[in-house]
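Participant: Encoded as structure tokens, here's the structure I'll be asking about.
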Amino acid sequence: MELRVLRYFLTVARKGSITGAATELHLSQPALSKQLKDLEAEFGKPLLVREPRGVALTEGGMLLRRRAQEIVDLADKTEAELTADEESVEGDVHIGCGETQGMRFIARAAHEVRERYPHVRFHLFSGNSVEVAERLDKGLVDFGLFVGFSDTGRYSQLDLPRADALGLLVRCDHPLASRDFVGPADLANVPLLVSRQSLERDEFIGWLGHPMEELDIAGTYNLVFNASIMVREGCGCAVCLDGLVETSGESDVRFVPLAPKAESHLTVAWKKYPAFSKPAERFLDALRRTACRAEPV
């Protein structure tokens with residue numbers, strides 16, 4: 001299984017066409033088709049279904065696309081780190097991020113690094129804690145910003161001086177919009193949109209005081225932007241962190257905090273004993289300084 005062939009396969013998967021992929025790759029169509037057939041023979045199963053207007057991925061093909069992208073990304077990251085100029089600080093820092101205003105700590109540290117080393121580039125991956133941890137474990141990101149992080153055994157970590165408050169995002173015409181806070185009893189019979197992470201988050205389950213099954217879960221989400229649209233369209237109220245959706249001025253939604261207060265702490269984590277690149281080292285130094293200054297976020 002060669003990287004070159006995996007790149008060919010990924011191009012075909014993206015284009016949905018062997019002809020289109022061959023043109024982009026500057027290969028003849030027969031040559032590309034042979035490479036794909038050899039790859040299928042290597043795995044002993046079809047990866048593509050040939051259709052009149054192009055190709056579609058089989059179940060095995062969809063799995064290979066996910067894994068091949070991870071392999072190619074890691075290879076590119078490794079090559080960039082190994083070929084970087086040892087005398088200068090330049091290259092890439094990859095960061096996985098949950099949705100939180102704590103991203104301001106990341107941004108401030110990144111800005112500090114860029115001020116001194118303008119050839120350092122930052123690449124952000126946004127996802128929930130499970131997705132970020134998966135990429136961290138695979139070496140696809142150097143750091144992960146976690147909300148409500150509790151796994152202290154596998155990683156080194158830096159706790160940020162901020163906690164995000166949990167609350168309810170509601171339409172301004174919802175009965176709960178006029179409240180200063182909502183309690184567990186207020187959620188009875190209210191259609192709720194909850195992040196998949198909230199279903200397992202100790203802060204929310206502990207605050208609730210009874211099984212999640214007793215709630216009316218109208219839907220789940222992993223990033224809050226689309227959930228806010230569902231709220232605006234009357235599909236329910238979203239359990240989320242404060243500061244992620246604009247609720248000031250003429251906004252048609254409002255954030256109502258939970259009471260008693262429920263908060264999630266923020267942590268930046270990285271693999272123990274990492275082989276950090278110089279840009280990653282400089283970023284971590286800057287992040288520690290930013291956290292120590294504890295400027296308001």
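Participant: Among (1) -0.38, -0.61, -1.49; (2) -0.49, -0.73, -1.17; (3) -0.32, -0.51, -1.37, find the value of log10 I(q)/I(0) by the Debye sum over Cα atoms at q = 0.08, 0.10, 0.16 Å⁻¹ that was calculated from the structure presented, and write down its label.
Facilitator: (2)
Participant: Please check the chain for the longest run free of GluC sites (Glu not before Pro) that are loop-located per DSSP (anything but H, G, I, E, B) and have at most 12 other Cβ atoms within 10 Å. Write down the numbers at each step before the final one.
Facilitator: Working: sites that count: Glu2, Glu86, Glu87, Glu233, Glu246, Glu250.
Here the longest segment lacking exposed loop sites spans 88-232.
Participant: Is the C-alpha gyration tensor of the stretch 196-297 telling us rounded, prolate or oblate? Criteria: a/c under 1.5 is rounded; beyond that, a/b larger than b/c is prolate, otherwise oblate. Please list the in-between numbers first.
Facilitator: Details: a/c = 2.21, a/b = 1.74, b/c = 1.27.
Since a/c reaches 1.5 and a/b is larger than b/c, the shape of the stretch 196-297 is classed as prolate.
Participant: Using a 1.4 Å probe on the protein heavy atoms, what percent of the accessible area of the chain belongs to carbon and sulfur? Let's see the in-between values first.
Facilitator: Numbers: 8120 of 15790 Å².
Heavy-atom surface of the chain belonging to carbon and sulfur, 1.4 Å probe: 51 percent.
Participant: Ok, one more. Going by Cα centres, the stretch 227-283 and the stretch 41-72 are how many Å apart?
Facilitator: 35
Participant: Next up: With a 1.4 Å probe and all protein chains kept in place, how do Cys292, Cys237, Cys172 rank by accessible area, largest first?
Facilitator: On the way: Cys292 115, Cys237 5, Cys172 75 Å².
My answer, sorted largest first, is Cys292, Cys172, Cys237.
Participant: Another question, if that's okay. Amide H neighbours of Tyr221 under 5 Å, counting only residues 5+ apart in sequence or on other chains, H built in-plane at 1.01 Å?
Facilitator: Correct list: Val194, Ser195, Arg196.
Participant: Compute the accessible area per residue over the stretch 1-80, keeping the other protein chains in place, probe 1.4 Å, unit Å². Before the final figure, lay out each step's value.
Facilitator: Working: 4840 Å² over 80 residues.
It amounts to 61 Å² per residue over the stretch 1-80.
Participant: Okay, moving on. Where in the chain lies the longest segment free of trypsin sites (Lys or Arg not before Pro) that are both loop residues by DSSP (not H, G, I, E, B) and have at most 14 other Cβ atoms within 10 Å? Mind showing how you got there, number by number?
Facilitator: Values: sites that count: Arg53, Lys138, Arg154, Arg196, Lys261, Lys272.
Result, exposed sites excluded: 54-137.
Participant: Okay, next question. For Cys292 and Ala177, calculate 0.36 nm times their separation in residues minus their Cα-Cα distance, and state this gained length in nm to one decimal. Present the calculation step by step, with values, prior to reporting the outcome.
Facilitator: On the way: separation 115, 0.36 × 115 = 41.40 nm, distance 3.67 nm.
Length difference between fully extended and current span is 37.7 nm.
Participant: With a 1.4 Å probe and every protein chain left in place, work out the accessible area per residue of the stretch 156-261 in Å², rounded to a whole number. Can you show the working numbers first?
Facilitator: Values: 5370 Å² over 106 residues.
Per-residue value: 51 Å².
The values are calculated or read from the model by the stated rules, or taken from the named source; none is laboratory data. In this text the structure is predicted, and so the values were computed from the model without any measurement. A quick note on method: Cβ atoms are made from the backbone with ideal geometry, for glycine too, and the neighbour counts reach across all protein chains shown. Only protein heavy atoms, including side chains, enter the accessible area calculation; ligands, DNA and RNA are left aside. Shrake-Rupley method; radii C 1.70, N 1.55, O 1.52, S 1.80 Å.
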